[in-house]
Ligand SMILES: N=c1c2ncn([C@@H]3O[C@H](COP(=O)(O)OP(=O)(O)OP(=O)(O)O)[C@@H](O)[C@H]3O)c2ncn1[C@@H]1O[C@H](COP(=O)(O)O)[C@@H](O)[C@H]1O
């Protein structure tokens, strides 16, 4: 668990930790495990990122805020899985964003 600036837990940190745990333990009946062990290798998550991005764009074009929110969450989750596959984490991305923000 971690604290965000407003004192609430950061769901992104919690989700990242859960993804790391799935990668380390590969429990059955886990969608995250299925991405790490997929016969297509990293292409499985790369394809999902492509699909989710397309769905996000369509939701934006339709001005469908609910669907846009749903697809954005799908996209963030799959992005976190990809970062984990590549040995990167959220802090790496945070650092990059902080550097740009100054
Ligand atoms: N945030 C997510 C998450 N977002 C998306 N997905 C999965 O990603 C897949 C998306 O594929 P699809 O787009 O084909 O599925 P869909 O439901 O039709 O979605 P849309 O077409 O509407 O976008 C679905 O199977 C979702 O279950 C996720 N699976 C897991 N998580 C998180 O990961 C945690 C661990 O999950 P497990 O590894 O399954 O235990 C969960 O508690 C969640 O917090």
**Message:** So residue 79 passes all but one of these: (1) more than 10 Å from the ligand (Cβ to nearest atom); (2) more than 17 Å from the chain's Cα centre (by Cα). Which condition number does it fail?
**Reply:** (2)
**Request:** Quick one: residue 100 ticks every box in (1) in a helix (DSSP H, G or I); (2) away from the ligand (no atom under 11 Å from the Cβ); (3) within 30 Å of residue 25 (Cα to Cα) except a single one, so which number is it?
**Result:** (3)
**Complete:** Here the qualifying pairs (Cβ atoms under 9 Å; residues six or more apart or on different chains; first in segment 69-83 and more than 20 Å from residue 36 (Cβ to Cβ) and without any contact (Cβ under 8 Å) to a residue 12 or more places away in the chain; second within 8 Å of the ligand (Cβ to nearest atom) and assigned to a helix (DSSP H, G or I)) come out as 70/55
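Readers should treat all values here as calculations from the given coordinates under stated rules, not as data from a laboratory. Every value quoted in this text rests on a predicted model; they were computed, and no experiment measured them. Please note: Cβ atoms are built from the backbone with ideal geometry, for glycine as well, and neighbour counts cover all protein chains shown.
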